[in-house]
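A quick write-up on the structure given underneath.
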Amino acid sequence: MQAPFVGYHPDFLKIVGEDSRIKVIAQDPDGKSRFHEAGVWVPSINQVYITSNRMDDQVSLDPLSERVQGLVDMLLIRVGQGGEAEVTMLPPSAALPAANGACLYNGNLLVCDQGYGESQTSQLSILDPSMPFSVTPILNNFYGRPFNSLNDVITLPDPRTDGAKAFILFTDPQYGYEQGFKPSPCLPAQVYCFDPVTGAVRVICDGFKSPNGIAIDSTGTKCYVTDTGMIHGSGKINPTRPGHIYLYDIVFPSNLADGPTLVNRSVFAMTDSGAPDGIKLDTAGNVYAGCFDGVHIWNPHGTLLGKMLFPSPQSSSGFSGCANFCFIPDGRMVCMSEDRLILVEGLSIQGAGL
């Protein structure tokens, strides 16, 4: 087994083996955070969509009347069987000024847009992955109160309809305000459920500092939410605030018109390196999260199995963090490490939902 894989439990060897490896497949020459969030594999085109962190460049976009600083880029990544990456930079879009997390949705992408300033509201939008893509907003407020800065999203099939209907669950921290590109929050930092058929939206769990990543297991009965509250939007870190993953049971009422509830909140895990951001599961129910030094992996009971560390000579800690990632076929992961795009190969598992 090649370093930097670090095991804490024998079951880690069921995930990584002698052929597992980590390599950088793309890097921004200027050290900018091009590879940050989303990470959605679209099987119809065999590509991964990625969003950047906010850029410092000023760009002029219609219909915006002024030059706006901090718009994100969206990238298309095609990863070949040999591990090579073909990166296509898509132009910043006034329709998605601050795209962040995303998921696959009926063959399209469902994107969390944090918005920008007073006029560009935070919203859920559907993005057509065909080129040139079109953007269709579907939700931008909670009964008249604007969202803070939507961060991550997942769909939850309704088992009462044999999966014919799905609800949308998403997180809404206050990072846009903390980072200075959004006005004062109008809502607490919460997790919401949206019914795209009826238009109903409701809060399904609260009590977070900064709810961030969200994932469900393959049975649709467990929901995981990360809290990155220890990281303030200014970059200041308070180690007494949460760097946790919380676990909920998903319960559907007997009334078909009502959506799911999240109950029995418990601490699933606390990371020893910063805070967990993006979160995914594999087919065995193991839980993966992007942390300050790479990707950490826990078994379904919250026991830390091991870490995939991302060495970085540019970092004072010697490691590079991972904001988000996604599984792609053939036992591989595409991981966003800000200025670098990292490929993990040779895993013995597949991501849930592939």
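The values are calculated or read from the model by the stated rules, or taken from the named source; none is laboratory data. Keep in mind that this is a model prediction, so the values were computed, not measured. Quick reminder, even Gly has a Cβ in these numbers, built from the backbone with ideal geometry, and neighbours come from all protein chains shown. For the accessible areas, the whole protein counts, side chains as well, though only heavy atoms, and no ligand, DNA or RNA atoms are used. Shrake-Rupley method; radii C 1.70, N 1.55, O 1.52, S 1.80 Å.
Whose amide H sits under 5 Å from the amide H of residue 323, counting only residues 5 or more places off or on another chain, with H placed in the peptide plane?
Correct list: 336, 338.
What are the ³J(HN,Hα) values, in whole Hz, obtained from phi via the Karplus relation 6.51 cos²θ - 1.76 cosθ + 1.60 with θ = phi - 60°, for each residue of segment 107-120 in sequence order, with x given for Gly and Pro?
With the stated coefficients, segment 107-120 comes to x, 9, 10, 9, 10, 8, 9, 6, x, 7, x, 7, 8, 8 Hz.
When the gyration tensor of segment 206-269 is built from Cα positions, what are the square roots of 5 times its three eigenvalues, in whole Å, from largest to smallest?
Here the semi-axes work out to 28, 11, 9 Å.
Which of the aspartates and glutamates could be linked to residue 165 by a straight reach, that is with a Cα gap under 15 Å, when you skip same-chain ones fewer than 8 residues away?
Within the straight-line limit of under 15 Å, residue 165 reaches these aspartates and glutamates: 195, 258.
Would you mind telling me the share, in percent, of accessible area of segment 67-139 contributed by carbon and sulfur at probe 1.4 angstrom?
Result for segment 67-139: 51 percent of the exposed heavy-atom area is carbon or sulfur.
Enumerate the calculated ³J(HN,Hα) couplings along segment 38-53 in order (Karplus 6.51 cos²θ - 1.76 cosθ + 1.60, θ = phi - 60°), each rounded to whole Hz, writing x wherever the residue is Gly or Pro.
6, x, 10, 7, 9, x, 5, 10, 6, 9, 10, 8, 9, 10, 7, 6
Over segment 161-241, what is the relative contact order in whole percent, taking alpha-carbon pairs under 8 Å and six or more residues apart?
Answer for segment 161-241 is 26 percent.
Can you order the peptides 72-80, 228-236 by their average number of other Cβ atoms within 10 Å per residue, highest first?
Final packing ranking: 72-80, 228-236.
Measure up 23/182; 23/209; 222/307; 32/280 against 31 Å on the Cα-Cα distance and list the ones that go over.
Over 31 Å apart, Cα to Cα: 23/182; 23/209.
Using amide H atoms built in the peptide plane, which far-off residues or other-chain residues are under 5 Å from residue 116 H to H?
Close amide H contacts, sequence-distant or interchain: 121.
Could you tally the net charge around residue 46, taking each other residue with its Cβ under 13 Å from the Cβ of residue 46, Lys/Arg +1 and Asp/Glu -1?
Summing Lys and Arg as +1 and Asp and Glu as -1 gives 0.
Tell me what the chain gives for mean residue ellipticity at 222 nm when only DSSP H runs of n ≥ 4 count, each as -39,500 (n - 2.57), the sum divided by the residue total, rounded to 500 deg cm²/dmol.
When only DSSP H runs of four or more count, the value is 0 deg cm²/dmol.
If packing is taken as the average number of other Cβ atoms within 10 Å across a peptide's residues, how do 253-260, 145-152, 174-181, 192-199 rank, most packed first?
145-152, 174-181, 192-199, 253-260
For the chain, report the convex hull volume of the alpha-carbon atoms normalised per residue, in Å³, without decimals.
132
Summarise the accessible area of segment 164-322 (1.4 Å probe, protein heavy atoms) by the percent that is carbon and sulfur.
Using a 1.4 Å probe with all protein chains present, segment 164-322 comes out at 54 percent carbon and sulfur.
Whole angstrom only: what separates the Cα centroid of segment 146-191 from the Cα centroid of segment 331-352?
25
Can you classify segment 165-284 as rounded, prolate or oblate using the Cα gyration tensor, where a ≥ b ≥ c are the square roots of its eigenvalues, rounded means a/c under 1.5, and otherwise it's prolate if a/b beats b/c and oblate if not?
Oblate, since a/c reaches 1.5 and b/c is not below a/b.
Where a ≥ b ≥ c are the square roots of the eigenvalues of the C-alpha gyration tensor, would you call segment 285-350 rounded, which needs a/c under 1.5, or, failing that, prolate if a/b is larger than b/c, or oblate?
oblate
If you count, for each residue, the other Cβ atoms within 10 Å and average over each peptide, how do 263-274, 94-105, 292-303 line up from highest to lowest?
By packing density, highest mean first, the sequence is 94-105, 292-303, 263-274.
Just to confirm, what accessible area per residue do you get for segment 130-273 at 1.4 Å probe, in whole Å²?
Computed with neighbouring chains in place, this is 44 Å² per residue.
From the phi angles alone, apply the Karplus equation (6.51, -1.76, 1.60; θ = phi - 60°) to segment 193-204 and give each ³J(HN,Hα) in whole Hz, x where the residue is Gly or Pro.
Taking θ as phi minus 60°, the curve returns 10, 10, 9, x, 7, 8, x, 6, 9, 8, 7, 10 Hz for segment 193-204.
What number comes out for the charge environment of residue 88, summing +1 per Lys or Arg and -1 per Asp or Glu over other residues with Cβ under 11 Å away?
Local net charge: -1.
With the contact rule set at Cα under 8 Å and sequence spacing of 6 or more, what percent relative contact order holds for the chain?
Taking the mean separation of contacting Cα pairs over the length of the chain, I get 16 percent.
Bin width 10 Å, origin at 0, all Cα-Cα pairs of segment 228-321: what percent of pairs per bin?
15, 38, 30, 13, 4, 1
Counting only other residues whose beta carbon sits under 10 Å from that of residue 312, what net charge do I get with K and R as +1, D and E as -1?
Neighbourhood net charge equals -2.
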